[in-house]
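Trainee: I have a structure I would like to understand better, so I am pasting it below and will then ask my questions one at a time.
The values are calculated or read from the model by the stated rules, or taken from the named source; none is laboratory data. Every value quoted in this text rests on a predicted model; they were computed, and no experiment measured them. Cβ coordinates were reconstructed from backbone atoms using ideal geometry, including for glycine residues, and neighbour counts include every protein chain displayed. The protein model used for the area step is the full one, side chains on, heavy atoms only, and it has no ligands, DNA or RNA in it. Shrake-Rupley method; radii C 1.70, N 1.55, O 1.52, S 1.80 Å.
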Protein chains: 2
Amino acid sequence: VIRGTGLFQALDGIGVHEVIIESPAHDRDLGDLSLDHVREVVGVYRDRARSIAAEPQYRYVQIFKNKGPEAGATLSHPHTQILATPIVPKRVREEVESGERSWRADGRCLYCRIIGEEETAAERVVRGSGPFMAFVPFAARFPFETHIYPKRHAPSFAGIDDRELDGLAEILRDVLGRLKTVLSDPPYNLVVHQAPHPDSTRVEWPEIESFYHWHIEILPVLTKIAGFEWGTGFHINPISPELAARFLREA
Amino acid sequence: VIRGTGLFQALDGIGVHEVIIESPAHDRDLGDLSLDHVREVVGVYRDRARSIAAEPQYRYVQIFKNKGPEAGATLSHPHTQILATPIVPKRVREEVESGERSWRADGRCLYCRIIGEEETAAERVVRGSGPFMAFVPFAARFPFETHIYPKRHAPSFAGIDDRELDGLAEILRDVLGRLKTVLSDPPYNLVVHQAPHPDSTRVEWPEIESFYHWHIEILPVLTKIAGFEWGTGFHINPISPELAARFLREA
């Protein structure tokens, strides 16, 4: 429900906020756990995402993890958070619209094209085998920013199957381990990007299944956001994505 | 010049980066200087903005200031930076387009409307007298975020006149002093938002003079940007703008 009139309108506070405790061990981050344990955690991600998505008043389910105080973590015990919002977030809308524009232009999923071109270029790939690909994006905003894409085209993380969950646990543990080795246990944010709730997309983006592709972004916190970034939306990244990928690949 | 083909394209590095040293005193921030001194600094802002804008290869001139390491300052001596970019930045484009949409709908400048409605509401105004108004915006992203708008409609900071520079020096010094008092000398980013170069806007936004309105945003750094913010573009602000404005007004 929107309250207020004219320029000043506010949305009623409705949503979900869940905290997933990843392990009883206080000093073990997600990437330090056994493969079975990580598989269980990502299984919980899926179960909760499905359960929340069953309630249509929530238009977007966001799964994210903050590690370290510099990355905004207010709890030091390893945890992941799930938030659901009653509207489609600004950045998700931008991604969906940019995916749609690209798909309307050439009939292909932009994310599938990125997977193909990154595989060919190879120099930014951190790990390419199995059902997922991890790479440092061409226009990485942050040093050692790493994305994980499922090779199978699918708009929503909640639709992940059991075999893919095995692969996800494996690559997530691997990538987090590489970041920890190369960057000495860095603070980071991890964000799952997925399509909004189908009830939201049916009207605005009825063909979203064709052009959106869920993925994970891991953003190590090594630089500060300052006036230039806030004013422009551009980011200053002092390391080339190719060099960052090579460090991670060789770790 | 754009290099590369397909998905992976890069822009040649061309631009301007200038650093304005605000004072010989290492431990005095902009808000601590005398009124005449602040007037001289904002006069330098204008002179450099005009001079850079005379070169049409720079599409946007950004003036900003980072105070304190948490705000991304890498020099501790008080300074302001000016960057010019060969393209219109993402966030500037968003502001311009949103201003245009609003103006096409009702024929009025969105920013002039905000000034009017904030004056009427009064509860978010920090200081309203003179040629500028300082207020905490209705949808403040950060605690104690404060904007300074010129009351005279003008798209570009570079077009500011001498009398307005006097008023700007006065309100800037006043607002920075209030923030320092209330928040115990906080780190902050200060960003001047102005219209892109006329050569850029002539084609895309020929009527920009009517709908864009330059302004300054001051963003104290009291919270961390984390997974939720990166994933959604939304911000969690733990203090209401009305309460923040009251603290600043009463300081």
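Trainee: Please verify whether the range B:170-182 includes one or more residues that are in a helix (DSSP H, G or I) and among the hydroxyl-bearing types (Ser, Thr, Tyr). Don't jump to the end; show me each part of the working.
Mentor: Going residue by residue through the range B:170-182, those that are in a helix (DSSP H, G or I) are B:170-182.
From what is left, the residues that are among the hydroxyl-bearing types (Ser, Thr, Tyr) are B:181.
Yes, the conditions are met somewhere in the range B:170-182.
Trainee: Looking only at the range B:226-236, count how many residues are at the interface with another protein chain (Cβ under 8 Å from one of its Cβ atoms) and among the aliphatic types (A, V, I, L, M).
Mentor: Adding up the residues that qualify gives 1.
Trainee: Please count how many residues of the range A:62-77 are open to solvent by 10 Å² or more (accessible area, probe 1.4 Å), more than 8 Å from chain B (Cβ to nearest Cβ) and not basic (Lys, Arg).
Mentor: Qualifying residue count for the region: 5.
Trainee: Okay, moving on. Where in the range A:192-251 are there helices (runs of 4 or more DSSP H), lying wholly inside it, with at least 1 residues that are modelled with pLDDT of 95 or more, crowded, with 21+ Cβ neighbours inside 10 Å and among the aliphatic types (A, V, I, L, M)? Talk me through it step by step, then tell me what you get.
Mentor: Numbers: elements: A:198-204, A:208-211, A:227-232, A:241-250.
It comes to A:241-250.
Trainee: Hey, among the residues in the range B:44-61 that are open to solvent by 10 Å² or more (accessible area, probe 1.4 Å) and modelled with pLDDT of 95 or more, which one's nearest to A:Glu229 (Cα to Cα)? Walk me through it before giving the result.
Mentor: Taking the range B:44-61 as the starting set, the residues that turn out to be open to solvent by 10 Å² or more (accessible area, probe 1.4 Å) are B:44, B:46-48, B:50-51, B:53-59, B:61.
When the remaining residues are screened for being modelled with pLDDT of 95 or more, the result is B:44, B:46-48, B:50-51, B:61.
Numbers: B:Val44: 23, B:Arg46: 21, B:Asp47: 23, B:Arg48: 21, B:Arg50: 22, B:Ser51: 23, B:Val61: 14 Å.
This residue is B:Val61.
Every residue, every condition in (1) under 15 Å from A:Ala134 (Cβ atoms); (2) in contact (Cβ under 8 Å) with a residue 40 or more places away in the chain; (3) more than 10 Å from every other protein chain (Cβ to nearest Cβ), yes or no:
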site: A:Asp161; (1), (2), (3): no, no, yes
site: A:Asp166; (1), (2), (3): no, yes, yes
site: A:Pro196; (1), (2), (3): no, yes, yes
site: A:Glu207; (1), (2), (3): no, yes, yes
site: A:Lys224; (1), (2), (3): no, no, no
site: A:Pro238; (1), (2), (3): no, yes, yes
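Trainee: A follow-up question, please. What single numbered condition from (1) away from every other protein chain (no Cβ under 13 Å); (2) within 21 Å of the chain's Cα centre (by Cα); (3) among the charged types (D, E, K, R) fails to hold for A:Glu217?
Mentor: It fails just one condition, (1).
Trainee: Among the candidates B:Ser156, B:Ser129, B:Ser102, single out the residue that is free of Cβ contacts under 8 Å to residues at least 24 places away in the same chain and not hydrophobic (A, V, I, L, M, F, W, C). Explain how you work it out, then say what you get.
Mentor: Numbers: B:Ser156 fails: free of Cβ contacts under 8 Å to residues at least 24 places away in the same chain; B:Ser102 fails: free of Cβ contacts under 8 Å to residues at least 24 places away in the same chain.
Only one candidate passes the filter, namely B:Ser129.
Trainee: Given the conditions (1) within 13 Å of chain B (Cβ to nearest Cβ); (2) surrounded by fewer than 20 Cβ atoms within 10 Å (Cβ to Cβ); (3) in contact with a strand residue (DSSP E or B) (Cβ under 6 Å, 6 or more places away or on another chain), and given that A:Leu7 satisfies all but one, which numbered condition is not satisfied?
Mentor: Failing condition for A:Leu7: (3).
Trainee: For the range A:54-67, which residues satisfy the criterion of being assigned to a strand (DSSP E or B) and over 20 Å from A:Glu164 (Cβ atoms)?
Mentor: A:Tyr60, A:Asn66, A:Lys67
One line per residue, one yes/no per condition, for (1) more than 19 Å from B:Ala84 (Cβ to Cβ); (2) in a loop (DSSP other than H, G, I, E, B); (3) more than 21 Å from the chain's Cα centre (by Cα):
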residue	(1), (2), (3)
B:Gly13	no, yes, yes
B:Ile20	no, no, no
B:Pro24	yes, yes, yes
B:Gly31	yes, no, no
B:Asp36	yes, no, yes
B:Arg46	no, no, no
B:Ile52	no, no, no
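Trainee: List pairs: first in the range A:74-99 and modelled with pLDDT under 95, second among the β-branched types (Val, Ile, Thr), Cβ under 6 Å, 6+ apart or cross-chain?
Mentor: Pairs that qualify, where the first residue is modelled with pLDDT under 95 and the partner is among the β-branched types (Val, Ile, Thr), are A:Pro86/A:Ile14.
Trainee: Moving on. Limited to the range B:25-43, what total is found for residues that are loosely packed, with under 14 Cβ neighbours inside 10 Å, touching a Ser or Thr at 6+ places or on another chain (Cβ under 9 Å) and at pLDDT 95 or above?
Mentor: As a first pass, look at the range B:25-43 and keep what is loosely packed, with under 14 Cβ neighbours inside 10 Å: B:25-27, B:34-36.
From what is left, the residues that are touching a Ser or Thr at 6+ places or on another chain (Cβ under 9 Å) are B:26-27.
Imposing the further condition that a residue be at pLDDT 95 or above reduces the set to B:26.
Number satisfying all stated conditions: 1.
Trainee: Do we find a residue being within 19 Å of B:His215 (Cα to Cα) and either of a type outside the set (Ser, Thr, Tyr) or free of Cβ contacts under 8 Å to residues at least 24 places away in the same chain (or both) anywhere in the range B:17-30?
Mentor: To start, the set of residues in the range B:17-30 that are within 19 Å of B:His215 (Cα to Cα) comprises B:30.
Going one step further and asking which of them are either of a type outside the set (Ser, Thr, Tyr) or free of Cβ contacts under 8 Å to residues at least 24 places away in the same chain (or both), we end up with B:30.
Among the residues of the range B:17-30, at least one is within 19 Å of B:His215 (Cα to Cα) and either of a type outside the set (Ser, Thr, Tyr) or free of Cβ contacts under 8 Å to residues at least 24 places away in the same chain (or both), which makes the answer yes.
Trainee: Taking the residues in the range A:13-24 that are open to solvent by less than 50 Å² (accessible area, probe 1.4 Å) and in contact with a Pro (Cβ under 8 Å, 6 or more places away or on another chain) as candidates, determine which candidate is farthest from the other protein chains (Cβ to nearest Cβ). Reasoning before the result, please.
Mentor: Filtering the range A:13-24 for residues open to solvent by less than 50 Å² (accessible area, probe 1.4 Å) gives A:15-16, A:18, A:20, A:22-23.
When the remaining residues are screened for being in contact with a Pro (Cβ under 8 Å, 6 or more places away or on another chain), the result is A:15, A:22-23.
Values: A:Gly15: 11, A:Glu22: 14, A:Ser23: 19 Å.
Only one residue fits best here, namely A:Ser23.
Trainee: Further, regarding this structure: Find all pairs meeting these conditions: Cβ atoms under 6 angstrom apart; at least six residues apart or on different chains; first residue within the range B:168-190 and within 14 Å of another protein chain (Cβ to nearest Cβ); second residue surrounded by fewer than 19 Cβ atoms within 10 Å (Cβ to Cβ).
Mentor: Cβ pairs passing all conditions: B:Pro187/B:Gly68; B:Pro187/B:Glu70.
Trainee: Can you say whether A:Glu70 is out of contact with any Ser or Thr (no Cβ under 6 Å at 6 or more places or on another chain), charged (D, E, K, R), part of a helix (DSSP H, G or I) and farther than 20 Å from A:Ile160 by Cβ, as far as the supplied structure shows? It would help to see each step written out before you state the result.
Mentor: Working: out of contact with any Ser or Thr (no Cβ under 6 Å at 6 or more places or on another chain): yes; charged (D, E, K, R): yes; part of a helix (DSSP H, G or I): yes; farther than 20 Å from A:Ile160 by Cβ: yes.
Spelling it out, A:Glu70 is indeed out of contact with any Ser or Thr (no Cβ under 6 Å at 6 or more places or on another chain), charged (D, E, K, R), part of a helix (DSSP H, G or I) and farther than 20 Å from A:Ile160 by Cβ.
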